[in-house]
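Working notes, beginning with the structure itself.
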Amino acid sequence: MIDTHSHINMIEEISLDEVINNAIESGVDKIIVPSAYPKDIDDVMTLIDKYDNIYGMLGVHPTEVKDWTDGLIDKIKEYSKHPKIVAIGEIGLDYYWDKSFNDLQKEVFIKQVKLANELNLPISVHDREAHKDTFDILKKYNKGSKIVMHCFSGSIEFARECIKEGWYLALGGVVTFKNAIKMKEVATDIPLGKLLLETDAPYLTPVPYRGKENQPAYTKFVVEEIAKLRGISVDEVDKITTKNANEVFGI
Ligand code: NI
């Protein structure tokens with residue numbers, strides 16, 4: 001299994017060594033760590049050098065774009081020469097928390113999409129309550145980068161539209177929530193070849209640990225739920241999603 005989106009630098013309750021050991025014991029052999037705050041960029045670089053099985057993505061999360069400076073473009077370009085930087089992310093739009101700087105979010109999103117294109121890297125997209133604008137920007141500005149809709153939260157119709165564009169959908173703990181009917185539908189409907197696994201740790205902890213801090217080892221609960229929903233074996237979901245992740249991120 002590959003946890004394709006995990007903020008392990010934000011986990012507080014256990015040490016990083018424990019995070020990594022638990023992951024390996026549970027069958028997660030690779031973890032991809034995105035940056036969200038500009039300061040995470042340096043954390044990611046440290047982690048990928050320290051641990052063999054950790055890969056990184058660089059970018060600024062939409063809720064943090066007030067801290068954006070164009071100098072970050074040069075920094076990301078320089079750092080992404082590292083062979084373990086496998087994507088730009090997480091970037092996108094988030095209209096859930098605060099709608100007062102949507103225009104700035106769009107502007108910075110577009111800049112980072114262009115950066116990913118220039119670097120020929122895939123993009124891990126954060127889209128929260130901003131499906132239409134996210135879709136339109138990607139459709140208009142993305143020239144050639146593979147797209148991963150991280151923590152996909154749209155309807156089955158929106159999922160199908162994304163799949164039509166050739167994009168990947170990454171599903172995490174939400175799919176295990178009892179009331180997440182929509183997400184269970186998406187997990188059942190989309191082609192397995194377009195599916196990726198993630199935890200978004202330390203957030204969105206799957207059942208049976210919902211409410212506690214999340215960690216990459218809990219990817220197994222996501223796989224189990226998807227296998228159950230689709231009526232196939234855990235092994236098959238594991239094998240195909242691992243292959244997808246290796247292909248998308250060029251690992
Ligand atoms: Ni995230």
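The values are calculated or read from the model by the stated rules, or taken from the named source; none is laboratory data. Values in this document were obtained by computation on a predicted structure and should not be read as measured data. Note that each Cβ is placed from the backbone with ideal geometry, even for glycine, and that neighbours are counted across all protein chains shown. All accessible areas refer to the heavy atoms of the entire protein, side chains included, with ligands and DNA or RNA removed. Shrake-Rupley method; radii C 1.70, N 1.55, O 1.52, S 1.80 Å.
Worth pointing out:
- Relative contact order of region 49-163, taken over Cα pairs closer than 8 Å and 6 or more residues apart, is 25 percent.
- Each part gets one Cα centre, and for region 224-251 versus region 85-148 those centres are 25 Å apart.
- Placing unit charges on the Cβ atoms only, positive for Lys and Arg and negative for Asp and Glu, gives region 2-249 a dipole magnitude near 820 debye about its Cα centre.
- Among Gly172, Gly59, Gly231, residue whose mean-square fluctuation peaks in a GNM of the chain (springs only between Cα atoms under 10 Å): Gly231
- Pairwise centroid distance, computed over Cα atoms, of region 161-180 with region 27-77, Å: 23
- Taking the 1.4 Å solvent-accessible surface of the chain as the whole, the part contributed by carbon and sulfur is 50%.
- Taking 0.890 mPa s as the viscosity and 25 °C as the temperature, the Stokes-Einstein diffusion coefficient of the chain based on its alpha-carbon Kirkwood radius rounds to 138 µm²/s.
- Cross-link partners for Lys239 among the lysines, with Cα-Cα distance under 16 Å and sequence neighbours closer than 8 places in the same chain left out: Lys30, Lys194, Lys220, Lys228.
- For the chain, built as a Gaussian network whose Cα springs stay under 10 Å, the top-fluctuating residue of Asn179, Asn117, Asn22: Asn179
- The amide H of Lys30, built 1.01 Å from its N in the peptide plane, has Asp3 as neighbours under 5 Å, considering only residues 5 or more places off or on other chains.
- Exposure here means at most 12 other Cβ atoms within 10 Å; with trypsin sites (Lys or Arg not before Pro) in a DSSP loop as sites, the longest stretch of the chain lacking them is 100-142.
- The sum of -39500 (n - 2.57) across all DSSP H runs of n ≥ 4, divided by the residue count of the chain, sets its helix-only mean residue ellipticity at 222 nm to -13000 deg cm²/dmol.
- Residue of Thr188, Thr241, Thr69 that the Gaussian network model of the chain assigns the largest fluctuation, springs spanning Cα pairs under 10 Å: Thr69
- Couplings 3J(HN,Hα) for region 228-242, derived from phi with the Karplus relation 6.51 cos²θ - 1.76 cosθ + 1.60 (θ = phi - 60°), are 4, 4, 8, x, 10, 7, 4, 4, 5, 4, 4, 4, 6, 5, 5 Hz, where x marks Gly and Pro.
- Solvent-accessible heavy-atom area per residue, rounded to whole Å², over the chain at 1.4 Å: 44
- Only Lys, Arg (+1) and Asp, Glu (-1) charged, at Cβ; region 87-220 dipole about Cα centre in debye: 300
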